[in-house]
Amino acid sequence: MMQKREHSASESFFWPTVWAVALHVLVFGMLFVSFAMTPELPEARPIVQATLYQLKSKSQATTQTNQKLAGEAKKSAARQTEVEQMETKKLEQEAIKAAEQKKEETAQKAEAAKKADEAKKADAAAKAEAAEAAAAKAEAAKAEAAEKAAEAKKSELADIAKKKAEQEEAKKEAAEEAKKKAAEDAKKKAAEDAKKKAEDDAKKAAAAAAAEDAKKKAAEDAKKKAAADAAKKKAQDAARKAAEDKKAQALADLLSDKPERQQALADEQGDEVAGNFDDLIRSRAAEGWARPPSARKNMTVVLQINMLPDGTVTNVSVSRSSGDGPFDSSAVAAVKNIGRLTEMQGLKPADFNPYRSFKMTFTPEDLAL
């Protein structure tokens, strides 16, 4: 709280003095106005002259009467002046009294303000002292609370340390127990591992022997298969060459003989060539066939085949399935892989027409020639 500044003596009497001076000025102004408005009295000299003039022409009684009137008028004027002076003095006294009263009131107000200020200061000091006392009390309570908290914290830390020590001890005992158990488990596991290793070694030895036997058997099977494939390829090449030679011979016969002989040979050769082309298609399809694991004997698939006059296979589809999708797909792929049969070039339209769109039956035995 801000304290008010105390006024000095000069500041305390400044305004009363100003009011007193202003009041005196007002009183003097009123007196001046009063004097200005006072009616003018006849000058004494004219009256005296008139009196002297009348004395020459009137009686002594008249003169005395006039003098008496003049004296009364003078007394009346004197009394009027005295009354006015008394009123002026009275006004001055009243003004002085009012100024003193004003001064006294101002002093009383100043004293009251001073006392109020002093009371206010005392109240502020009391409040400040009370606040300091409350702060000191709060600080003491805070210190006491901090001390209690420190004691509680210390006790809590002691409990935590004790619990931690107990936990460490329990942990140590558990570790020792776990170590013993781990050692026993390790010993037991080592024995089991040794036993298992011996069994695995025996199995590996047996598996190695079996693998060796299987390897030998696979080598023998591969050797047999290679020999069979070679024989098969040789037979296919021989059959192809024989067919080509036969076809060439037939064409030569057709070109060299008479028209009658050529027609007879062509008819005979056409039937023979047709059978040869069926075998040739099967033979060429067998060359590119990849046998699926699901292929079994007695499976039969009918394929729809489309060809061009130059021997190009244009389309292959399943007309009747064998019931095994992988085998059907392998047969379709084998025929498509033929690409083109150059042996069909030069056939008569009548001989080629049966191969423009035809059906053929395939079995795993047909494709495994």
For region 83-100, does any single residue satisfy the condition of being over 22 Å from L23 (Cβ atoms) and free of Cβ contacts under 8 Å to residues at least 24 places away in the same chain? yes
What about A290, is it in a loop (DSSP other than H, G, I, E, B) and out of contact with any strand residue (DSSP E or B) (no Cβ under 7 Å at 6 or more places or on another chain)? yes
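In contact (Cβ under 8 Å) with a residue 60 or more places away in the chain and surrounded by 19 or more Cβ atoms within 10 Å (Cβ to Cβ): which single residue out of L341, L347 fits that description? Walk me through how you get there before you give the answer.
On the way: L341 fails: surrounded by 19 or more Cβ atoms within 10 Å (Cβ to Cβ).
Selected residue: L347, the only one of L341, L347 that is in contact (Cβ under 8 Å) with a residue 60 or more places away in the chain and surrounded by 19 or more Cβ atoms within 10 Å (Cβ to Cβ).
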Among the numbered criteria (1) modelled with pLDDT of 85 or more; (2) open to solvent by less than 100 Å² (accessible area, probe 1.4 Å), which one does D201 miss? (1)
Pull up region 4-26, narrow it to residues that are open to solvent by 100 Å² or more (accessible area, probe 1.4 Å) and touching a helix residue (DSSP H, G or I) at 6+ places or on another chain (Cβ under 6 Å), then point me to the one that is modelled with the lowest pLDDT. K4
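Out of curiosity, is K102 touching a Phe, Trp or Tyr at 6+ places or on another chain (Cβ under 8 Å) and surrounded by 11 or more Cβ atoms within 10 Å (Cβ to Cβ)?
Working: touching a Phe, Trp or Tyr at 6+ places or on another chain (Cβ under 8 Å): yes; surrounded by 11 or more Cβ atoms within 10 Å (Cβ to Cβ): yes.
Against the criterion (touching a Phe, Trp or Tyr at 6+ places or on another chain (Cβ under 8 Å) and surrounded by 11 or more Cβ atoms within 10 Å (Cβ to Cβ)), K102 qualifies.
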Under 9 Å by Cβ, and 6 or more places apart or on different chains, what pairs join a residue from region 299-327 that is open to solvent by 60 Å² or more (accessible area, probe 1.4 Å) with one that is assigned to a helix (DSSP H, G or I) and not hydrophobic (A, V, I, L, M, F, W, C)? L308/R356; P309/P349; P309/Y355; P309/R356; N315/K336; V318/D328; V318/S329; S321/D328
Tabulated pairs, region 191-217, first of a type outside the set (A, V, I, L, M), second modelled with pLDDT under 80 and open to solvent by less than 60 Å² (accessible area, probe 1.4 Å), C-beta under 7 angstrom, 6+ apart or interchain: none
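The values are calculated or read from the model by the stated rules, or taken from the named source; none is laboratory data. This one's a predicted model, so the numbers in the text were calculated from it and none came from an experiment. Cβ: placed from backbone, ideal geometry, glycine included. Neighbour counts: every protein chain shown. To get the accessible areas, we keep the full protein, side chains included, count just its heavy atoms, and leave off ligands, DNA and RNA. Shrake-Rupley method; radii C 1.70, N 1.55, O 1.52, S 1.80 Å.
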